[in-house]
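To start, the structure itself, in structure tokens.
The values are calculated or read from the model by the stated rules, or taken from the named source; none is laboratory data. Model, not experiment: these values are computed from the prediction. Cβ coordinates were reconstructed from backbone atoms using ideal geometry, including for glycine residues, and neighbour counts include every protein chain displayed.
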Amino acid sequence: MHPNPVTTNNSNEEEEENFSFQQFIKNWIANLAFALRFWKLIFAAGIIGTLLGITYSYIKKSTYTAKLTFVVEESKTSGGSIASALAGQVGLDIGSLTGGSSGILAGDNVLELLKSSSLLKKTLLSPYKDSSTASLADLYAESYQMKEAWQNAKKVGRLVNFPTNQKQFSRLEDSLLQKIVQRIIESELSISKPDKKLGIFEMQVTTRNELLSQLICERLLKNTTDFYVETKTRRLTNNINRLQHRADSLGILLDRKTYSTAEANKLLLDANPAYSVPTVDAEISSRNKMIQGTVYAEIIKNLEISKTSLIQETPTVQVVDRPEMPLKKNELKWWLAGFIGGLIGLTTSILFFALQKRN
């Protein structure tokens, strides 16, 4: 038997063509020349794109941007402070009263606080006007036609309001309010620090309602500032309240002990020298008064040290620029929208016919 001849497919396999940039340009020029044969259709596509762009500019509603800049001045807990000097004189570690400088809310953490869902929800549930129960959430839903959409939706099917005097909301109302909060955080709220070396922060809120943008911007900063200051000084404030309560109690006891000591000394003058009990009572009363007076003086001293430290520990949030009316109006100019739409129409049609030639 003759052995089968070895067949090779190398001759049948087509070698891949080497890529040539020059040839690629020539091919696209040829495709473009072919596409320009349909210039009438391309021109029509450009006209249609221009009209669609102009129509979109009139349909798209304008938005308003409220911009607010502020500075956060951190608390000072240096070793040479007044509170530390006073504490050193009595052998007291001021760090134990203030809780130290943990830095939990220091620096750029303020940026994350401004994006907090709970603080933004509290802001939206604030009153739209001083004498009205309508909230900013109601104004937001009306500005975006959400209430009409909710009323016509099958899952809701009713008018939903967020009054400020309502303490608890239903599951449906909470869900809708969370959607508003999430929408603002994701697309309408911007927090930044323009210069990393400086402590200036910038907040921007963009909505369809000019007054709504201003109110959300200002009230969100206020709620965040209150939470920030309260959290930074909570431990020291609790210590001051405890010391103040103890000082008030000891002050009352010291007053009573003063009256009882005076009464004991009065009885001592008329007492029979043969009896030692009045003398002992007067001595014990004077000793207890002296002890209570010493303790009361130390508590008052520690109380004043804590108050001084509280002043230094309290951070300050100072507003630099507030959003003033009229706010920045964001609108798409009709001529710019027409130009962009026409450019998209021309480019899309040319690419379509060029790809047809290539295929």
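Quick one: in region 158-170, which of the residues that are of a type outside the set (S, T, N, Q) and at pLDDT 85 or above is surrounded by the most Cβ atoms within 10 Å (Cβ to Cβ)? The qualifying residue surrounded by the most Cβ atoms within 10 Å (Cβ to Cβ) is Phe162.
Considering only residues in region 214-257 that are touching a residue at least 60 places away in the same chain (Cβ under 8 Å) and among the polar types (S, T, N, Q), the one that is surrounded by the fewest Cβ atoms within 10 Å (Cβ to Cβ) turns out to be Thr231. Residues that are assigned to a loop (DSSP other than H, G, I, E, B) and either β-branched (Val, Ile, Thr) or within 30 Å of Val229 (Cα to Cα) (or both) within region 318-341 comprise Arg322, Pro323, Glu324, Met325, Leu327, listed in sequence order. When Thr224, Thr231, Thr237 are checked against the criterion of being within 15 Å of the chain's Cα centre (by Cα), farther than 28 Å from Ala134 by Cα and not aromatic (Phe, Trp, Tyr), Thr231 stands alone in meeting it. Filtering Glu304, Glu263 for residues that are modelled with pLDDT of 85 or more, assigned to a helix (DSSP H, G or I) and in the same structural domain as Val72 (by TED's automatic domain parsing) leaves a single hit, Glu304.
Going through (1) assigned to a helix (DSSP H, G or I); (2) modelled with pLDDT under 75 one by one, Leu92 falls short only on (1).
For every residue, the table says whether it meets (1) at pLDDT 90 or above; (2) under 12 Å from the mean Cα position of the chain (by Cα).
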{"position": "Leu177", "(1), (2)": "yes, no"}
{"position": "Glu186", "(1), (2)": "yes, no"}
{"position": "Ile191", "(1), (2)": "no, yes"}
{"position": "Pro194", "(1), (2)": "no, no"}
{"position": "Ile200", "(1), (2)": "no, no"}
